[in-house]
Amino acid sequence: MTLSRRTVLAAGAASSLVAATAGAGAQRRPSNAARFALGYAPHEGSFASRGGLIEQIAYAADQGFTAWEDNEARGRPVAQQEAMAKALASRGMTMGVFVASMPKWAQSRPLLGGNDEAEREGFLADIRSSIEVAKRLNANRMTVVTGFLDNKLPLDIQTARVIDVMRKAGDIVAPHGLAMVMEPLNTRTNHPGVYLQTIAQGYAVARGANSPGVKILADLYHEQIQSGNLIPTLAACWSEIGYIQFGDNPGRNEPGTGEINYANIVRWLKDKRYAGVIGMEHGNATKGRAGEERLIAAYRAIDGGERA
């Protein structure tokens with residue numbers, strides 16, 4: 001979730017984005033780049049040297065990427081959301097996740113398992129207001145963070161309350177064909193104090209909520225830090241996993257810059273016939289265009305079954 005705090009574009013740029021999308025779409029040639037076998041999704045900043053948001057989407061499509069991810073989409077002006085959706089549709093790209101309910105990181109809130117019912121109601125209000133955003137973006141997945149631990153309460157009580165509020169949230173989104181994906185976050189490097197810390201814990205909450213609108217976001221960067229054992233964990237929890245994100249450790253950059261064998265994970269996902277989006281929830285190890293080229297090469301390598 002660190003990348004979910006990337007700077008939101010100013011509202012004043014929205015109208016120019018709409019115009020740029022229309023003009024560029026009329027002149028752009030089809031890409032000659034081979035499409036990736038899996039739905040890897042870059043985000044704004046992955047190809048920063050290529051221009052603004054719309055230009056980066058176009059460049060990603062030209063490199064063979066078939067999906068896009070935007071954690072900040074909910075906070076963008078409506079015109080900007082519409083411009084992004086139009087750009088993706090024009091290139092046959094799938095929209096990945098956006099963050100439906102952003103925690104207050106500095107205050108370690110909300111406490112969804114705590115005693116304050118107002119915090120749970122605030123979370124549900126965020127979910128309700130995110131439905132129109134999802135429809136506007138043609139997205140069917142949205143990220144949620146299940147809040148922070150309340151050190152004054154037993155963990156089992158908090159778990160029961162988190163399950164209850166997630167079940168209610170699932171009842172809100174499921175009729176619209178949407179699913180929330182709960183993101184477990186590591187506490188050892190990035191997010192001390194969060195409630196949901198492992199994919200296995202997310203599995204318990206998702207099974208308890210028992211809703212098609214409640215699934216797990218398996219961010220493998222976080223899981224590697226917190227627990228490791230990635231492929232067996234994915235296999236055990238597969239029925240409740242609704243979205244996947246990549247990022248190597250240490251450093252949270254592209255595959256091949258750390259210890260995770262993403263080529264093996266990609267082979268496993270292909271064997272599972274995974275057809276969903278894989279968010280590229282990481283930075284580029286090298287800045288500038290050289291880093292962008294290295295990013296593409298890293299995904300070409302693992303997509304072809306090579307160690308990047």
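Bear in mind that the values in this text are calculations on the coordinates, not laboratory data. Note that the coordinates shown come from a computational prediction; the quantities given were computed from them, not determined experimentally. Backbone-built Cβ (ideal geometry, glycine too); neighbour counts: all protein chains shown.
The figures follow:
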quantity	calculated
Fraction of beta bridges assigned by DSSP in the range 37-303 that are antiparallel (%, nearest 5)	10
Cβ crowding within 10 Å averaged over residues, with 112-121, 132-141 ranked highest first	132-141, 112-121
Partners for K168 among lysines (Cα-Cα distance below 16 Å; same-chain residues under 8 apart left out)	K215
Highest average packing first - 75-82, 211-218, Cβ atoms within 10 Å	211-218, 75-82
Between helix 155-173 and the chain: long-axis angle, C-alpha atoms, 0 to 90°, nearest 10	50
At 0.692 mPa s and 37 °C, Stokes diffusion of the chain via Kirkwood alpha-carbon radius, µm² per second	167
Between helix 262-271 and the chain: long-axis angle, C-alpha atoms, 0 to 90°, nearest 10	80
Cα centroid separation, the range 161-203 to the range 255-308 (Å)	25
13 Å beta-carbon shell around N249, net charge (K/R +1, D/E -1)	-4
Length-normalised contact order for the chain - Cα pairs under 8 Å, 6+ apart - percent	16
18 Å Cα-Cα reach of K135 towards aspartates and glutamates, excluding residues that sit fewer than 8 places from it in its own chain	E69, D70, E72, E82, D126, D171
Three-way shape call for the range 195-285 based on the alpha-carbon gyration tensor, with the a/c threshold at 1.5	prolate
In degrees, nearest ten, helix 288-303 long axis to first principal axis of the chain (Cα)	70
Dipole of the chain, positive direction: furthest Cα of T143, V99, A301, with charges on the beta-carbon	A301
